[in-house]
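Taking it in order: structure first as structure tokens, then the write-up.
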Amino acid sequence: MGKRATGPRIAVFGAGGVIGSAVVGECASRGYEVTGVTRNSAVTVDGVVARSGDMGDPLFVTQVAADHGVIICATAPTRAGDTPQNWLADMRNVIEYGEGTRLVLIGGAGDDLASSPGCSADDDALGS
């Protein structure tokens with residue numbers, strides 16, 4: 001790895017997925033301190049700390065936020081039959097318990113989300 005970048009420590013939720021693993025690799029290649037968060041610690045990028053955890057766990061999200069200056073969520077609703085509403089509730093959890101930490105949301109979940117007429121999926125999840 002090259003020169004260590006100055007800047008905040010970065011945590012990436014969804015680090016084992018296609019988008020998340022690319023983000024982890026790019027951040028690490030630029031010298032940032034990166035923690036890759038998955039449900040099973042399956043992050044294999046050199047220099048990246050692998051951590052197992054769940055976005056739906058308020059205590060875990062609070063701990064991650066306390067240890068990092070940036071949280072990147074590279075997650076999407078599961079394709080294993082779970083509803084998008086559960087994923088949205090987890091995202092709300094990250095927003096609420098990651099308060100004070102910069103938050104970046106990336107991914108291709110938009111087409112997967114269904115909502116009430118007249119409301120966006122974000123409105124439903126965030127109680128707006």
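The values are calculated or read from the model by the stated rules, or taken from the named source; none is laboratory data. Just so we're clear, the structure is a prediction, and the values are computed from it rather than from any experiment. For neighbour counting, all protein chains shown are included, and Cβ atoms are generated from backbone atoms with ideal geometry for every residue, glycine included.
Worth pointing out:
- Matching residues, the range 53-65, being at pLDDT below 95 and among the hydrophobic types (A, V, I, L, M, F, W, C): M55
- Members of the range 31-46 that are surrounded by 15 or more Cβ atoms within 10 Å (Cβ to Cβ) and over 14 Å from the mean Cα position of the chain (by Cα): G31, Y32, E33, V45
- Within the range 1-30, the only residue that satisfies the criterion of being exposed (fewer than 14 other Cβ atoms within 10 Å of the Cβ), of a type in the set (V, I, T) and within 19 Å of R102 (Cα to Cα) is T6.
- Filter pass, T83 being touching a Pro at 6+ places or on another chain (Cβ under 8 Å), over 16 Å from T101 (Cβ atoms) and at pLDDT below 95: yes
- Residue match in the range 29-46 (condition: more than 27 Å from N86 (Cβ to Cβ) and touching a helix residue (DSSP H, G or I) at 6+ places or on another chain (Cβ under 8 Å)): yes
- Of residues in the range 50-61 being of a type outside the set (D, E, K, R) and surrounded by fewer than 16 Cβ atoms within 10 Å (Cβ to Cβ), the one nearest to G17 (Cα to Cα): S52
- Residues located in the range 1-23, provided they are closer than 15 Å to G69 by Cα and at pLDDT 90 or above: R9, I10, A11, V12, F13
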